[in-house]
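What follows is a set of notes on a single structure, which appears directly below.
Taken together, the values in this text are just the output of simple stated rules run on the coordinates, not laboratory data. Only a predicted model underlies this, so the values are computations on that prediction, with no experimental measurement involved. Cβ placement follows ideal geometry from the backbone for every residue including glycine, while neighbour counts extend to all protein chains displayed.
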Amino acid sequence: MARTRKTPPPTPDLLSVDNEALRPLAERIRPRTLDEMVGQRRLLAPGTALRRAVESGHVHSMILWGPPGCGKTTLALLLAQYADAEFKAISAVLSGLPEVRQVLAEAAQRFAEGRRTVLFVDEVHRFNKAQQDAFLPHIERGTIIFVGATTENPSFELNSALLSRCRVHVLEAVSVEDIAEALRRALADGERGLGGQGVEVSEEALREIAGAADGDVRRALTLLEIAAELAADEDNVITAQTLLQVLADRTRRFDKGGEQFYDQISALHKSVRSSNPDAAVYWLARMFDGGCDPAYLARRLTRMAVEDVGLADPRALQMAIQAWETFDRLGSPEGELALAQLAIYLASTAKSNAGYMAFNAAKSDVRELGTQEVPMHLRNAPTRLMKNLGYGGGYQYDHDAEGGIALDQTAFPDAMGERVYYHPVERGLEIKLKEKLDRLRQQRADARAAAKKGKA
């Protein structure tokens, strides 16, 4: 039996404005059907699970996670339309628990009268645990269809009880091509858009606006509207000079304390580790562009010199400290070049995490084996009493031993025996270190075996 496609009712207004012309273009041109939405094909292409659910009116409570201007609010509005439900919106930035309780009480009354409510909570991650918990019983009873919008990772920002009752849908930044299509529609729409104004703009200029929006459809429409207003004095032609004014202060998406921040520093670190200097300097430039604290970047690059380059090239740590000091002296933007050169060097030079792994292995033994006694021959003996008790007894001064090393002398607690934590790699300076340590370890093993045989 074929399913009848449900026709959505008229779009509910987010704002009560008597004069439609006073509303921003991005608000006037907001999609009224799923077919009018741009981007998000993975979620909303014909035949996808979410689209089928929306079109049938059988929608569920959900979290919409994505960057600004990707369609979270629009999708929530469409959910209410297709489900023939009341749409209510609150912002976690502006609303407290009293406002939440009032909205929920109204939804409960509406539910008792046989009508559902789609409750859209913008910036839901800004609500604390108690505020998030207030929604739980209403979601369970079906009083509301909860739609939370967030730009932050829900795994970190939302409590598990709320996540367990909602499906998380990940929305993506809208591509330049899709944003350009939204701009064309706005220019052609004579009812809600700019179609009646006779605005002229080249395809190249349109794509420049789309690119400057950085994945944000709302931002692109706002830029187009500003450009159209300026073009009114230029025979309604959006010229290159017009765009120069409109796009002069373009910025890119970057959250100094959020998901994008940690994703980008992860990309920088992994680019260095993968010996890709081009990618490393790109991600460093991205983070500088986003306003990241240079001291944080210097600290992380120094960590990479220790953790990922290590003893394969000990110069890396020295260079990291010098680059950090250089930035402290020169400041921005001159000092940024020192950190950029450091990132390129770290990515280009030999790598080894052998020292990092050795330290972790030693820490693991410390935790698991508890407080082991220092062997008597290694103990300090500054007093006669301590010497009489055997402190320092039997210690062999390595400089007096043949070859400068007392091979049969252990440096570990007696109960542990010899351990090997450090395994040099065959890269950079560690090639030489490995040759030396392999030889010494074998000589020590032979000396201990000979001593044990002699005692027998």
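How do Arg185, Arg329 line up, fewest other C-beta atoms within 10 Å first?
On the way: Arg185 17, Arg329 9.
So the ranking, lowest neighbour count to highest, is Arg329, Arg185.
Indicate the gyration tensor shape class of the chain (rounded, prolate or oblate), computed on the Cα atoms with a ≥ b ≥ c the square roots of the eigenvalues: a/c under 1.5 is rounded; otherwise a/b larger than b/c is prolate and the rest oblate. Each step should come with its number before you reach the end.
Details: a/c = 3.42, a/b = 2.05, b/c = 1.67.
Prolate, because a/c is 1.5 or more and a/b exceeds b/c.
Let me spell out the model: positive unit charges on the Cβ of Lys and Arg, negative unit charges on the Cβ of Asp and Glu, origin at the Cα centre of the chain. What dipole size does that give, in debye rounded to 20?
2440
I'd like to know which of Pro154, Gly57, Phe120 lies farthest towards the positive end of the charge dipole of the chain, counting +1 on Cβ of Lys and Arg and -1 on Cβ of Asp and Glu.
Pro154
If you average the alpha carbon positions of region 279-299 and of region 389-448, how far apart do those two centres end up, in angstrom?
42
Taking the dipole about the Cα centre of the chain, with the C-beta of Lys and Arg at +1 and of Asp and Glu at -1, give me whichever of Phe111, Asn236, Ser202 is farthest to the positive side.
Value computed over the given set: Phe111.
Where does each of Tyr397, Tyr391, Tyr345 land when they are ranked from fewest to most other beta-carbon atoms within 10 angstrom?
Neighbour counts put them in this order, fewest first: Tyr397, Tyr391, Tyr345.
Ignoring everything except DSSP H segments at least 4 long, calculate the 222 nm mean residue ellipticity for the chain; use -39,500 (n - 2.57) per segment, divide by total residues, nearest 500.
-14500 deg cm²/dmol
Can you sort Lys351, Lys88 so the residue with the fewest Cβ neighbours within 10 Å comes first?
So the residues, fewest neighbours to most, are Lys88, Lys351.
What does the charge dipole of region 20-170 about its Cα centre add up to, to the nearest 20 debye, if the Cβ of each Lys and Arg holds +1 and the Cβ of each Asp and Glu holds -1?
So the magnitude is around 280 debye.
Rounded, prolate or oblate for region 385-431? Axes are the square roots of the Cα gyration tensor eigenvalues, ordered a ≥ b ≥ c, and the cut-off for rounded is a/c under 1.5.
Cα axes put region 385-431 in the oblate bin.
In this model, which of Lys363/Lys434; Lys432/Lys453; Lys129/Lys363; Lys351/Lys434; Lys432/Lys452; Lys351/Lys432 are farther than 25 Å apart at the alpha-carbon?
Listed pairs above 25 Å: Lys432/Lys453; Lys129/Lys363; Lys432/Lys452.
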